[in-house]
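S.K.: I am attaching a structure below and will ask some questions about it afterwards.
The values are calculated or read from the model by the stated rules, or taken from the named source; none is laboratory data. Since this is a predicted model, take the numbers as computed values, not measurements. Don't worry about glycine lacking a Cβ; one is built from the backbone with ideal geometry, like all the others, and counts go over all protein chains shown. Side chains are part of the model used for accessible areas, which takes the heavy atoms of the whole protein and leaves out ligands, DNA and RNA. Shrake-Rupley method; radii C 1.70, N 1.55, O 1.52, S 1.80 Å.
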Amino acid sequence: DVFLYDRLTGTNTLVSHSATNPVQGSNRNAQASVVSGDGRIVFYWSYATDLVPGYIPYRFVSESDTVGVSFGDGYLFDRLTGKSTLVTHAADNPLRAGNLGINGLAINGNGAVAMYVSRTGYLVADDANTFADGFAYITPPPTIISMKVADGSGQRSVVRSLTVSFDQPVMFAGDPAGAFVVRRGSETVALSAAVTTGTGTTVTLTFSGPGTQFGSLVDGRYTLTVLSSQVLGIEALDGDADGLAGGDYVANFHRLFGDANGDARVDAVDFLAFRLGLGLNNPAFDFDGDGIVGPSDFLQFRLRFLQSV
């Protein structure tokens, strides 16, 4: 197996562990390994078949064979997630193994580029001659795949949270909330951030202080900025989606109490929705957050009727 020893803490981490148990060794031998300069990524190769969930071993004759074999595959282990990713996979399937092994492992300083040599014939399209070739496996910079306002529905009546989802695990340069800026005009809203990391990272932002009412943003038009310099995957955030690390992410949204359909106006359509929610626990029309839509909420709705932002 491959182990990573941390000189600062004096502890060992099992790198080549079973996909189902981080302290259980894999089912076959591991071989060469290299580590990125920042110590986060380990590139190694192994004959094991249980390092990633759903691994499809090489079949000698056809995909219908019941017996598969591993000739040794390359994997990237991420200390942030504690999981391995299959590098030497078929061009058409990220879980289908290579068929002829690898050697000559190398990795760059932050682990974004892993290089190796292989005779495998289907890592890229049309390379079927089984001659040894050099390959580079490049992990792209993280991107934002979604930004959810409140509950993710069309309503902009009550906005007590924003949820930002990244396509891969990310870390933050400091307090995670410091990577996000919410502004209404020149006013900046105080934020708190709850972070969940799995195959990607999700951050839920909540609000407090001036510019809020009962935990919701006040009425107005807002800009959310995610600061690329404060968000790190293997590389910095690609916030502007140009394929390169760097560039902030910017999204615009609004809040107007009573706006049930997100058109930035309170009108008869919204009144119908409000009336259907009256007397119920409908968070979209619960202005004061007391758990029920009542007279005080109706007063706030009436003040905004036929208004827009």
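S.K.: Hey, could you check region 173-197 for residues that are at pLDDT below 95 and in contact with a Leu (Cβ under 9 Å, 6 or more places away or on another chain) and say which is nearest to Arg160 (Cα to Cα)?
M.R.: Taking the candidates together, the pick is Thr197.
S.K.: Can you go through Thr225, Thr197, Thr202 and tell me which one is touching a strand residue (DSSP E or B) at 6+ places or on another chain (Cβ under 7 Å) and within 16 Å of Met171 (Cβ to Cβ)?
M.R.: On the way: Thr225 fails: within 16 Å of Met171 (Cβ to Cβ); Thr197 fails: touching a strand residue (DSSP E or B) at 6+ places or on another chain (Cβ under 7 Å).
Going through Thr225, Thr197, Thr202 in turn, just one is touching a strand residue (DSSP E or B) at 6+ places or on another chain (Cβ under 7 Å) and within 16 Å of Met171 (Cβ to Cβ): Thr202.
S.K.: Across region 198-221, which residue is most open to solvent (accessible area, probe 1.4 Å) among those that are out of contact with any Gly (no Cβ under 7 Å at 6 or more places or on another chain), farther than 14 Å from Val164 by Cβ and not in a loop (DSSP other than H, G, I, E, B)?
M.R.: Ranking the candidates gives Arg221 first.
S.K.: Of all residues in region 144-159, how many are polar (S, T, N, Q), touching a residue at least 40 places away in the same chain (Cβ under 8 Å) and surrounded by fewer than 20 Cβ atoms within 10 Å (Cβ to Cβ)?
M.R.: Adding up the residues that qualify gives 1.
S.K.: Within the group Ala241, Ala236, Ala245, which residue is exposed (fewer than 15 other Cβ atoms within 10 Å of the Cβ) and in contact (Cβ under 8 Å) with a residue 60 or more places away in the chain?
M.R.: Exactly one of Ala241, Ala236, Ala245 is exposed (fewer than 15 other Cβ atoms within 10 Å of the Cβ) and in contact (Cβ under 8 Å) with a residue 60 or more places away in the chain, namely Ala241.
S.K.: List pairs: first in region 252-271 and closer than 11 Å to Gly220 by Cα, second open to solvent by 30 Å² or more (accessible area, probe 1.4 Å) and among the small types (Gly, Ala, Ser), Cβ under 6 Å, 6+ apart or cross-chain?
M.R.: Ala264/Ser308
S.K.: Do we have any residue at all in region 264-283 that's open to solvent by 80 Å² or more (accessible area, probe 1.4 Å), small (Gly, Ala, Ser) and out of contact with any His (no Cβ under 7 Å at 6 or more places or on another chain)?
M.R.: No, region 264-283 contains no residue that is open to solvent by 80 Å² or more (accessible area, probe 1.4 Å), small (Gly, Ala, Ser) and out of contact with any His (no Cβ under 7 Å at 6 or more places or on another chain).
S.K.: So the check is Cβ under 9 Å with 6+ separation or different chains; which pairs have a first residue in region 7-29 that's part of a loop (DSSP other than H, G, I, E, B) and a second one that's of a type in the set (D, E, K, R) and open to solvent by 80 Å² or more (accessible area, probe 1.4 Å)?
M.R.: Val15/Asp1; Val15/Arg79; Ser16/Asp1; Ala19/Lys83; Pro22/Lys83; Ser26/Asp1; Asn29/Asp1
S.K.: Just the residues that are hydrophobic (A, V, I, L, M, F, W, C) and either open to solvent by less than 40 Å² (accessible area, probe 1.4 Å) or in a strand (DSSP E or B) (or both), please, taken from region 68-93.
M.R.: Passing the criteria: Val69, Leu76, Phe77, Leu86, Val87, Ala90.
S.K.: Out of all the residues in region 24-59, which are among the aliphatic types (A, V, I, L, M), more than 20 Å from Gly109 (Cβ to Cβ) and within 23 Å of the chain's Cα centre (by Cα)?
M.R.: Leu51, Val52
S.K.: Now, a different point. State which residue pairs qualify: first residue without any contact (Cβ under 8 Å) to a residue 40 or more places away in the chain and over 24 Å from Ala112 (Cβ atoms) and inside region 162-188, second residue open to solvent by 70 Å² or more (accessible area, probe 1.4 Å) and not β-branched (Val, Ile, Thr) in any location, beta carbons under 9 Å apart, and separation of 6 or more residues or different chains.
M.R.: Cβ pairs passing all conditions: Arg184/Arg221; Gly185/Arg221; Glu187/Pro210.
S.K.: Among the residues in region 94-116, are any part of a loop (DSSP other than H, G, I, E, B) and either within 30 Å of Gln300 (Cα to Cα) or free of Cβ contacts under 8 Å to residues at least 24 places away in the same chain (or both)?
M.R.: no
S.K.: Report, by residue number, each residue of region 160-188 that is of a type outside the set (Gly, Ala, Ser), assigned to a loop (DSSP other than H, G, I, E, B), under 18 Å from Leu80 (Cα atoms) and open to solvent by 30 Å² or more (accessible area, probe 1.4 Å).
M.R.: Asp167, Asp175
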